[in-house]
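See below for the structure under consideration.
The values are calculated or read from the model by the stated rules, or taken from the named source; none is laboratory data. Remember, predicted model here, so these are calculated numbers, not experimental data. A quick note on method: Cβ atoms are made from the backbone with ideal geometry, for glycine too, and the neighbour counts reach across all protein chains shown.
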Amino acid sequence: MKNNILKFLYLVIESTIFSLFLVLTISYFLNIIYSIGDPRQLDSLFEGIVAGSFIYSILGSFFEKKSIGIGLIITGISITISAYLLYSQSLIITNEELFLISFLVTSPILPITLFFENKFSVKKSLKVLFSIISSALFILFILIFAILYEKSGQTILPLGISFFAYISIFISILLLIKKEKGVDLNA
Amino acid sequence: MKRFYAIFIVLILVITFFSGLAMAEQSNTKTPIKHVITILFENHTFDNFFGIFPYDKYSWNEAIIKNMSIPDNLLNTSYLNNLKPLSDNQYSTPDPIEGYTAYHIDWNNGKMNNFVNGSGQQSMEYFTSYQLGLEWAIASEYAIADQYFAPQLSESAPNTLYYISGFTPVINDYGPPPSFSINETIFGELNNFGISWNIYVQNKSTNNFDNLQQFIYDWNGYSNHLQNWTDLVNEAKNNTLPAVSYVFSENSNGFSQAPPDNVEKGEIWLAYLINEIENSPVWNSTAIFITYDDPGGYYDHVAPPVLDGVQLGMRLPLIIVSPYAKEDYVSKTLMTHTSIIAFIDYNWDIPALNNFVDESNLPLDMFNFNLTYKNNNLVRGPINILNQNFLPSGLNLSINPINVTLNFSKLFPFQPQFNYSSLPYSRMGYSNISLQSLGVESYIKKDFSYVPFYYEPLFFLFLIILNIVILYFYGGKNEK
């Protein structure tokens with residue numbers, strides 16, 4: 001029982017960190033940060049992130065195993081719409097658009113959730129729990145990173161992405177080693 | 001042994017010769033100005049601080065006000081009612097919404113009528129002589145520019161980077177990366193030409209000047225140029241002030257006048273610095289430039305033009321205090337932060353820092369380098385702020401003002417040093433002289449900024465693919 005809980009948490013954390021890495025990289029690539037100049041815009045930004053992380057994560061848990069392609073297409077379309085909204089207006093966006101963009105940019109959570117829940121055979125009864133814990137962790141990590149980012153004088157965005165990237169790769173390698181040793185990671 | 005002595009003597013002579021050349025370069029100026037001090041405040045437009053002279057209930061109509069431009073673009077809009085002065089006993093406004101996005105909404109493609117929607121209602125509140133009488137009086141005693149624009153339609157970092165380097169690798173307050181070498185800045189150029197310079201902050205132990213040092217990746221090699229404000233005052237008194245001094249008011253302790261801080265703290269601090277310089281041996285050869293880093297989201301009615309392909313931001317105040325600054329003069333010269341760099345390059349006869357500086361107009365019309373109108377004395381005496389009439393009781397010029405709730409309205413303007421009718425120049429003018437028009441070449445042909453490869457988006461893309469490969473192809477082995 002204890003082992004199962006640990007395996008479950010292991011996968012949830014890796015799924016969350018990989019999602020963070022991907023979402024932050026896309027945000028960095030799109031220069032979304034340049035459209036934010038005032039703390040009062042943060043409400044819209046975080047509302048979009050919170051809504052996006054929960055909705056995409058829970059959607060991911062309802063998709064069929066073989067629909068990862070659909071998940072990727074949804075992500076591709078969402079990112080394209082975000083880029084269009086940002087650059088068709090030269091980064092001059094309203095708070096409503098900022099909400100929509102931050103919502104759409106979290107879309108990689110959908111295929112990642114789908115991938116983890118199916119690849120590691122998360123039990124059907126645990127899928128929604130997996131999604132909820134993963135989203136909650138995602139929001140918590142984003143908040144912690146946002147506070148650190150602000151305290152750093154707004155300089156550590158790429159450093160933060162690097163941090164999440166290497167942690168994510170490290171956990172992936174651990175998963176790989178455990179599998180090579182024949183440890184059952186199905187949760 | 002004799003050979004050793006000979007080599008030693010030759011070495012000494014060579015070193016003396018070259019250091020002499022460097023000193024000669026430093027003291028060889030095109031104008032009587034041997035010391036430029038440039039003081040940077042934060043977050044106010046021209047109209048927010050100086051735009052309402054004509055209508056201020058306390059102002060004196062003989063002063064500078066006659067030549068000021070009048071806000072008129074809101075006359076037929078519903079936003080006119082939003083434009084209102086701060087009430088007496090009010091010394092700050094709530095912070096307007098700032099940023100690349102907010103300022104572009106304010107700007108509204110040059111219509112300058114959307115500040116309420118971009119930066120909020122507070123952006124339409126403006127200051128009067130009640131709060132700013134002291135700064136207004138200093139401005140009217142010397143020269144002020146009312147066509148001086150922020151170099152970028154954005155907030156602090158890009159504008160302040162233009163202030164020191166004539167370019168910016170970022171469009172908002174985020175970064176680095178990218179960063180750049182000190183050689184891209186005016187400090188690097190001064191260094192290379194043997195012209196002395198320092199940067200002054202409240203507390204140099206922080207190794208921080210307006211967070212700009214983090215954009216200069218080789219700053220640590222020059223950190224001995226970072227000094228305290230008290231050092232500036234002492235160096236002026238001891239006549240050891242460097243040729244060029246960049247003074248940062250810094251936001252965190254309330255000196256920068258940025259909202260929501262009390263503007264009188266920075267104003268009295270400024271008056272203290274000016275008073276100290278005026279009463280020091282360097283006064284006769286000093287020009288003090290006073291300006292603001294960015295508009296801060298405050299209303300200004302003049303649409304900023306495009307300069308060398310760059311869309312400028314809203315107007316900012318620029319005041320020049322110097323015995324050679326024209327009294328009660330309004331400059332209509334189109335300028336931006338790089339005009340100050342251009343003046344430094346011009347004065348010490350060195351190349352324009354970069355192409356943008358090369359094309360920036362010089363503030364030469366704000367000076368009268370032929371002062372012959374007072375008993376043939378070339379140099380104007382100090383005004384001595386503390387001897388002025390109508391000083392509010394409780395005013396204590398200090399490097400750290402405590403009493404900052406004073407009524408300065410009666411202080412404006414100071415008694416003119418010369419009757420306006422006897423001034424040998426017009427009280428308004430402009431010039432379109434740039435270093436480029438004088439045939440000066442650029443020192444840096446192309447600005448260069450640096451992002452480490454491990455912070456490049458493409459490198460992150462590589463890591464993403466690597467992560468997916470590990471998870472998918474290898475992690476799938478036990479799937480069944």
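Residues of segment A:11-31 that are over 9 Å from the mean Cα position of the chain (by Cα) and within 10 Å of chain B (Cβ to nearest Cβ): A:Glu14, A:Thr25, A:Ile26, A:Tyr28, A:Phe29, A:Leu30, A:Asn31. Counting only residues that are closer than 17 Å to A:Ser90 by Cα and at pLDDT below 95, segment B:76-103 holds 5 of them. For segment B:171-203, filtered to residues that are of a type in the set (Asp, Glu) and within 30 Å of A:Ser162 (Cβ to Cβ), the residue that is nearest to the other protein chains (Cβ to nearest Cβ) is B:Asp173. Among the numbered conditions (1) in contact with a helix residue (DSSP H, G or I) (Cβ under 7 Å, 6 or more places away or on another chain); (2) modelled with pLDDT under 60; (3) basic (Lys, Arg), the only one that B:Lys66 does not meet is (1).
Please find, within segment B:441-458, the residue that is nearest to the other protein chains (Cβ to nearest Cβ) out of those that are surrounded by 12 or more Cβ atoms within 10 Å (Cβ to Cβ) and of a type in the set (A, V, I, L, M, F, W, C). Looking at the filtered set, the residue picked out is B:Val451.
Among the residues of segment B:390-402, is any touching a residue at least 12 places away in the same chain (Cβ under 8 Å) and out of contact with any helix residue (DSSP H, G or I) (no Cβ under 9 Å at 6 or more places or on another chain)? Yes: one or more hits. Considering the conditions (1) surrounded by fewer than 23 Cβ atoms within 10 Å (Cβ to Cβ); (2) at positive phi; (3) of a type in the set (S, T, N, Q), B:Gln257 is excluded by exactly one of them, (1).
The lone criterion from (1) under 30 Å from B:Pro94 (Cβ atoms); (2) within 13 Å of chain B (Cβ to nearest Cβ) left unmet by A:Val50 is number (2).
Whenever a residue of segment A:98-118 is within 19 Å of A:Ile133 (Cα to Cα), its partners that are not in a helix (DSSP H, G or I), lying with C-beta atoms within less than 8 angstrom and at least six residues away or across chains, give the pairs A:Leu110/A:Phe63; A:Leu114/A:Phe63; A:Phe116/A:Val122.
Restricting attention to segment B:109-132, report how many residues are polar (S, T, N, Q), touching a helix residue (DSSP H, G or I) at 6+ places or on another chain (Cβ under 7 Å) and part of a helix (DSSP H, G or I). Here the count works out to 5. Taken over segment A:69-109, the residue count meeting the criterion of being on the phi > 0 side of the Ramachandran plot and part of a helix (DSSP H, G or I) is 0. The residues of segment B:86-108 that are within 14 Å of chain A (Cβ to nearest Cβ), surrounded by 20 or more Cβ atoms within 10 Å (Cβ to Cβ) and not in a helix (DSSP H, G or I), listed by number, are B:Asp95, B:Pro96, B:Ile97, B:Glu98, B:Gly99. Residues that are surrounded by fewer than 21 Cβ atoms within 10 Å (Cβ to Cβ) and among the hydrophobic types (A, V, I, L, M, F, W, C) within segment B:325-360 comprise B:Leu334, B:Ile350, listed in sequence order.
Exactly one residue out of B:Leu466, B:Leu397, B:Leu438, B:Leu461 is away from chain A (no Cβ under 14 Å), more than 23 Å from the chain's Cα centre (by Cα) and not aromatic (Phe, Trp, Tyr), and it is B:Leu438. Does segment B:264-277 contain at least one residue that is crowded, with 20+ Cβ neighbours inside 10 Å and over 25 Å from B:Gly51 (Cα atoms)? Looking for residues that are crowded, with 20+ Cβ neighbours inside 10 Å and over 25 Å from B:Gly51 (Cα atoms), one finds at least one in segment B:264-277, hence yes. Is it the case that A:Pro158 is under 27 Å from A:Leu9 (Cβ atoms) and out of contact with any strand residue (DSSP E or B) (no Cβ under 9 Å at 6 or more places or on another chain)? No: the conditions fail for A:Pro158. Within segment B:153-208, take every residue that is among the charged types (D, E, K, R) and over 19 Å from B:Leu241 (Cα atoms) and give me the one that is modelled with the highest pLDDT. This residue is B:Glu184. Please determine whether any residue of segment A:7-29 is crowded, with 17+ Cβ neighbours inside 10 Å, outside any helix (DSSP H, G or I) and not basic (Lys, Arg). No, there is no match, as no residue in segment A:7-29 is crowded, with 17+ Cβ neighbours inside 10 Å, outside any helix (DSSP H, G or I) and not basic (Lys, Arg).
Put simply, of A:Ser172, A:Ser125, A:Ser168, A:Ser121 the only residue that is more than 8 Å from chain B (Cβ to nearest Cβ) and either surrounded by fewer than 19 Cβ atoms within 10 Å (Cβ to Cβ) or touching a helix residue (DSSP H, G or I) at 6+ places or on another chain (Cβ under 6 Å) (or both) is A:Ser125. Within segment B:283-311, if we keep just the residues that are crowded, with 24+ Cβ neighbours inside 10 Å and hydrophobic (A, V, I, L, M, F, W, C), the residue that is nearest to B:Tyr79 (Cα to Cα) turns out to be B:Ile290. Figure legend. Inter-residue proximity from segment B:204-227: first residues away from chain A (no Cβ under 14 Å), second residues surrounded by fewer than 18 Cβ atoms within 10 Å (Cβ to Cβ) and modelled with pLDDT under 95, beta-carbon distance below 7 Å, spacing 6+ or different chains. Indicated pairs: B:Ser223/B:Asn207; B:Leu226/B:Asn207.
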